[in-house]
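A short write-up of the structure that comes next.
What follows draws every value from the coordinates through simple rules; no lab data is involved. The model shown is predicted, which means the values in this text are computed figures rather than measured ones. Every residue, glycine as well, gets a Cβ built from its backbone with ideal geometry; the counts of neighbours run over all protein chains shown.
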Amino acid sequence: MQLHQVMAAAAIAAALAAGGCGKQAGTKPAAPKGPAVQLLPDGGKRITLREIDSRHLGIELAEVRQGADGLVIPYAALLYDPTGKELAYMSTAANTFVRAPLKVKAIEGDTVTMLEGPPPGAKLVTKGAVELYGIDFGVGK
């Protein structure tokens with residue numbers, strides 16, 4: 001083997017030992033892909049999706065409104081945890097969601113009237129909420 005071939009082989013071996021093909025020693029790993037989940041002081045979680053993930057999930061929102069008998073939301077926003085507690089996912093910023101506890105008063109067709117829940121004007125997830133639940137509770141991991 002000639003000297004330049006030995007030096008090239010040594011450089012390739014050094015690069016592989018440093019972390020793989022095409023990777024230079026000391027470089028930062030790539031940013032994580034997928035949702036970021038942050039634990040909140042109250043024990044809840046904040047889920048932040050990339051824009052592309054929100055589009056793939058088809059996230060749709062609807063506002064909580066004040067009805068004659070209480071707060072009103074679309075039935076599509078309502079979820080139940082395994083213990084039967086009612087919840088929804090509320091958007092707190094673009095592509096950012098938190099779990100919001102609810103207390104249902106009545107369900108009539110596609111409309112839910114609540115005793116307790118987020119205030120009027122809050123935006124709840126009506127499409128993609130089940131996927132957020134899976135991210136929140138680690139379903140499928």
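The figures follow:
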item	result
Computed label-point distance, nm, for sites L115 and A68 using a 7 Å Cα→Cβ extension	2.2
Theoretical FRET efficiency, 1/(1+(r/R0)^6), r = Cβ-Cβ of K85 and A36, R0 35 Å, to 0.05	0.90
Where N is the number of residues in segment 31-137, Cα Rg divided by 2.2 N^0.38 Å	1.05
